[in-house]
Structures are given as structure tokens and as C-alpha cells.
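Peer 1: Dropping a structure here in C-alpha cells format, bear with me for questions.
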Amino acid sequence: MSLKKQAAKGGLWISITRTGVSVIDFLVFVYLARILSLEDFGLVAFCMLFIEFANVSINAGVNQNIVQRKTWDEQYASSTMVYVVGLAVVVASGLIFIGAPIAYYTYSHIAAYVFMSLAPITILLSLQVVFNGKLVRDFKNKQMGIVKFIASILSAVVIISLAELGYGLWSLVIGRLLLATLELLLLSYIADFKPKFYFNNEDKKELREFCLPLLGAAVLSNVNQKCVSLFTGLVLGPANFALLNAAKRGETMINQITMGSINSMVVPSFSRVKEGTNLGDLYIKLVVITATIVIPMFMGLAAIADPFVTIIFGDKFSESAVFMSISAFIMYPAIVGWFLPTLLVSQGKTSDAFKLTIISVTNSLLVAGCTIWFGISTMLICIVVANFLVLPIRFKVVMKHIEIDVKKLVVSIFPSYFCALAMFGCIMIAKSFLQPEISHQIILLVILIVIGCITYPALGFLFFNKHTIEQVTQAKGMFFKNNK
């Protein structure tokens with residue numbers, strides 16, 4: 001099987017299983033949102049935000065390094081595992097001895113206990129990293145996805161069962177610990193790797209040069225993604241944090257299913273392309289097919305936000321609909337630059353990948369920090385505008401190593417962007433006529449979704465027939481065998 005088809009099928013399996021995992025996580029999220037008050041729900045989500053920061057830091061670029069290496073080395077893999085587990089022990093200690101006391105005196109004693117209880121997850125996840133890298137390297141995405149799906153189901157059952165018994169927040173804590181433990185046991189079983197307690201000092205240089213920039217990039221990337229929520233929680237309190245967190249949940253689920261799945265296959269695909277291949281053109285093709293699939297999802301979500309939020313989270317989260325609609329427009333600039341850091345990593349340019357992250361984080365922190373005082377809506381609008389303005393700077397960094405025809409990129413993605421925006425307008429117009437006539441929110445939501453599903457492809461074939469046919473052909477060539 002060709003590398004292209006291996007990568008495509010691997011991405012497809014990741015997408016399928018992540019869809020299942022994301023749906024399960026989303027259902028648990030909705031369940032907890034309904035049974036907890038806005039303040040309690042915001043407190044839980046705010047605590048989990050800092051735990052996510054800690055968990056991101058344990059990867060340290062190890063997964064990418066394992067994947068992009070030309071050959072597999074058992075001893076190097078064992079050295080890597082010792083390295084990342086040691087890092088995780090440091091992070092977990094920081095959560096317990098620094099994070100928990102700060103949370104106790106500045107937020108609440110419950111937050112401190114949550115920090116301490118979830119700290120072991122960082123170590124459990126660190127033990128998974130090399131297994132994950134080995135499975136992705138071997139394109140065993142199907143097996144890895146099934147394992148994570150099974151672990152998610154069992155964890156969700158435990159969380160809901162304990163919540164029904166009255167454990168509240170602690171049902172989630174126990175469930176997350178169980179999830180990390182199950183994933184570790186199952187991944188170690190299916191991966192063709194038996195780690196040893198071994199560390200070679202000669203591996204330090206490679207680990208330091210490749211992984212440490214990516215550690216910083218991973219942490220800063222998470223800050224970039226979460227700084228909007230972080231500023232909201234710190235400045236406007238847990239109730240507003242809960243509203244914004246609910247608004248971003250749909251966006252997060254779509255990202256995990258689509259962008260995250262595609263991104264996970266960029267390193268193994270681009271790092272093994274034939275010498276002389278035009279990476280810039282390949283990048284454009286990747287962005288175009290991603291935009292064709294992803295941008296209509298976000299624009300559809302923006303258009304149906306108000307009935308969606310009311311049905312899923314309840315009336316107390318109705319304010320979240322406006323935030324959800326505005327946030328969806330961030331994907332217009334985001335898709336164009338989403339894969340740039342991973343593209344650089346695939347070519348071993350980790351320092352410049354780190355620069356891209358620094359640019360994005362600086363942009364987000366400055367804009368969010370300066371505009372949150374004027375309200376969440378104002379902050380989100382400014383974030384969208386700022387992301388457009390910073391794109392040329394990001395491309396300038398990348399084009400020191402890889403030539404990308406920006407004009408060709410803009411022309412290529414225009415049909416998808418235009419059709420998605422036009423679809424958004426059609427749904428909004430239809431909603432203005434249907435909302436006064438249809439009182440049942442679920443029926444209204446279904447009708448609006450159907451309108452979007454019909455409108456987007458219809459606009460594509462009507463105004464950009466050649467482009468649309470090309471994208472359909474590309475997708476068929478990637479995921480289905482040629483019968484000729």
C-alpha cells in the first residue's frame with residue numbers, strides 16, 4: 001500500500017475512533033453541565049484547564065520524534081520513556097506541592113484537592129507516549145483507536161454511575177484516573193515494544209535538541225488555545241467561564257474529529273515523501289481538502305448555535321450561543337495556518353516550529369488580555385481579526401525552509417470559504433422565517449441541519465463545479481482503491 005493511502009486510511013481510522021471518543025466525552029460533559037450549577041460547573045472546568053496544561057507538557061515532542069525517525073531503535077525508545085516519565089514526575093510534583101497550595105488559598109479548597117487527586121494522570125500519560133508513537137509510526141491507527149474508544153466507554157460508565165450515586169465532581173476525577181490507567185494497559189498490550197529501564201547519555205543531545213523546543217511549543221500552543229478561557233475565568237469568574245466553555249465544546253469536538261486526526265498524520269506523511277517532492281503544493285492540497293470538509297461544519301455550527309445550545313445544555317447556557325457563533329469564524333484564518341508547525345516538524349525544523357507557536361501565543365495573550373475587560377463577545381471578535389493579521393508573519397517563517405505559493409493557496413481555498421459563508425447566510429435567513437413558526441427546538445434544529453447539508457454541496461457544484469469535482473475525486477483516491 002502506498003504511503004499516501006496508508007496515511008489517508010490511518011487518518012480515517014483516527015477520525016472514526018476520535019469521533020466515538022469525542023461523542024462519549026461530549027455526552028459526559030453535557031450530563032455534568034446539566035446536573036451542576038453554573039458556578040460549580042465552571043469550577044470543575046477551571047481546575048481541569050490547569051490539569052490539561054500539565055498533561056500537555058509531558059509529551060515534550062517525544063511522540064513526533066519517535067514517528068519521524070528513519071529507523072526504530074528499541075534502546076532509544078527505552079531511553080525516551082525514562083526521559084519523559086522523569087519529566088512527568090517533576091510536573092506531577094509541581095501540581096501537588098505548588099499548584100494545590102496556590103489553588104487552596106486563591107480559589108477554593110476543592111480546587112486544591114482536585115489538583116492533588118489528578119496529579120497521577122500526568123505520570124500515567126507519560127508512560128503511554130512511546131507506545132503511541134510506535135503505533136502511529138507503524139500506521140496501527142485502527143488498533144490504537146479501538147483501545148482508546150473502549151477505555152473511554154468504560155470511563156464514561158464509571159463517571160455517570162458514580163455521579164448518579166451522588167459523588168458529583170469526584171466521579172469525574174475517578175473516571176479520568178481510570179481512563180488513563182486503562183489506556184496505558186491496553187496500549188502496552190498491542191504495541192510491539194517491551195520497554196526496559198535504560199538511559200543512554202548519548203541520547204540526551206537528540207532528546208534535548210528535538211524534544212525541548214517541542215515541549216515549549218506544546219505548552220505554549222495549549223496556552224494559545226486556552227488563554228481565552230483562562231482570562232475569562234480569572235477576570236469574569238466561574239459562571240462566565242462555564243458559559244464560554246460550553247460555547248467552545250462543539251468547536252473542540254469538531255477539531256478533535258477532523259483537524260486533530262489530519263494533523264496526526266502530517267508528520268509521518270511529510271517526513272517520508274520522496275526527495276524532490278514539492279512540499280508547498282502538497283501543503284496547499286492538504287489545506288484545500290481540509291477546508292472543504294471542516295469549514296462548512298463550523299459555519300453550520302455558528303448558524304444553529306442558539307437552538308443547539310438550548311437543547312444540549314439547557315436554558316441556563318443560552319448566552320453561550322452568541323459566543324459559539326463568533327468563535328466558529330476563527331476557523332477561517334486557523335485552517336490556513338493550522339498545519340504549518342507540524343509541516344516544519346516533519347522536516348526537523350523544530351526551532352522555527354517553536355517560533356510559530358511563540359507568534360500565535362503572543363498574539364492571543366495580548367488580544368485576550370486587553371479585550372476581556374470589554375466582555376467576552378468583544379474579545380472573541382478581536383481574536384478573529386488578529387488571527388487574520390498575524391498569518392503573513394507565520395508564513396514568512398515557514399517559507400525560509402518550504403516555498404508555498406500563497407496566491408495559489410488563496411485561490412484554491414476560496415470556493416470552500418465562499419460556499420461555507422453563503423451556506424451560513426442561507427441557514428440564518430431560513431432560521432429567521434422558521435423560528436417564529438416552529439416552537440419545537442429539536443424539529444427546528446433538524447430542519448436547519450438539513451438545509452445546511454443540501455446548501456453547501458449545491459453551491460459548490462453550482463458556482464465552482466470543476467473545483468468541487470476535483471475535491472470529490474481527491475477524497476475518493478485517498479480512501480478508496482482504484483478499480484482500474
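Peer 1: Spin-label point model (7 Å from Cα, Cβ direction): what's the Ile393 to Thr71 distance in nm?
Peer 2: Spacing of the two 7 Å Cα→Cβ label points: 4.3 nm.
Peer 1: How many percent of the accessible area of the stretch 74-158 is carbon or sulfur, using a 1.4 Å probe?
Peer 2: It is 75 percent, rounded to a whole number.
Peer 1: Relative to the present Cα-Cα distance, how much length would full extension add between Val406 and Phe26 at 0.36 nm per residue of separation?
Peer 2: Stretched fully, the Val406-Phe26 segment lengthens by 133.1 nm.
Peer 1: Using the Karplus curve 6.51 cos²θ - 1.76 cosθ + 1.60 with θ = phi - 60°, work out ³J(HN,Hα) for each residue of the stretch 375-380 in order, rounded to whole Hz, and write x for Gly and Pro.
Peer 2: For the stretch 375-380, the Karplus-derived couplings read x, 5, 4, 4, 4, 5 Hz, x marking Gly and Pro.
Peer 1: Roughly speaking, what is the centre-to-centre gap between the stretch 327-396 and the stretch 398-434 when only Cα atoms are used, to the nearest Å?
Peer 2: The stretch 327-396 and the stretch 398-434 have Cα centres spaced 18 Å from each other.
Peer 1: Using r as the Cβ-Cβ distance of Leu462 and Ile146, and R0 as 56 Å, what FRET efficiency do you calculate, to the nearest 0.05?
Peer 2: 0.90
Peer 1: Rank-order 189-200, 375-386, 222-233 by packing density, defined as the average count of other C-beta atoms within 10 Å over each peptide's residues, highest first.
Peer 2: 222-233, 375-386, 189-200
Peer 1: Residue separation times 0.36 nm, minus the C-alpha to C-alpha distance between Ile102 and Asp281: what's the value?
Peer 2: Extra length from Ile102 to Asp281 when fully extended: 59.5 nm.
Peer 1: For the stretch 244-254, just list the computed ³J(HN,Hα) in residue order, Karplus coefficients 6.51, -1.76 and 1.60, θ = phi - 60°, integers in Hz, with x standing in for Gly and Pro.
Peer 2: 5, 4, 5, 4, 8, 5, x, 4, 5, 5, 5
Peer 1: Can you work out the FRET efficiency for the pair Ile443 and Ile160, with r the C-beta to C-beta distance and R0 = 30 Å, to the nearest 0.05?
Peer 2: 0.60
Peer 1: Taking the Cβ-Cβ separation of Arg137 and Val90 as r and a Förster radius of 25 Å, what is the calculated FRET efficiency to the nearest 0.05?
Peer 2: Calculated transfer efficiency: 0.40.
The values are calculated or read from the model by the stated rules, or taken from the named source; none is laboratory data. Bear in mind the structure is a predicted one, so any value in this text is a computation, not a measurement. Please note: Cβ atoms are built from the backbone with ideal geometry, for glycine as well, and neighbour counts cover all protein chains shown. Note: areas computed on protein heavy atoms with side chains; ligands, DNA, RNA excluded. Shrake-Rupley method; radii C 1.70, N 1.55, O 1.52, S 1.80 Å.
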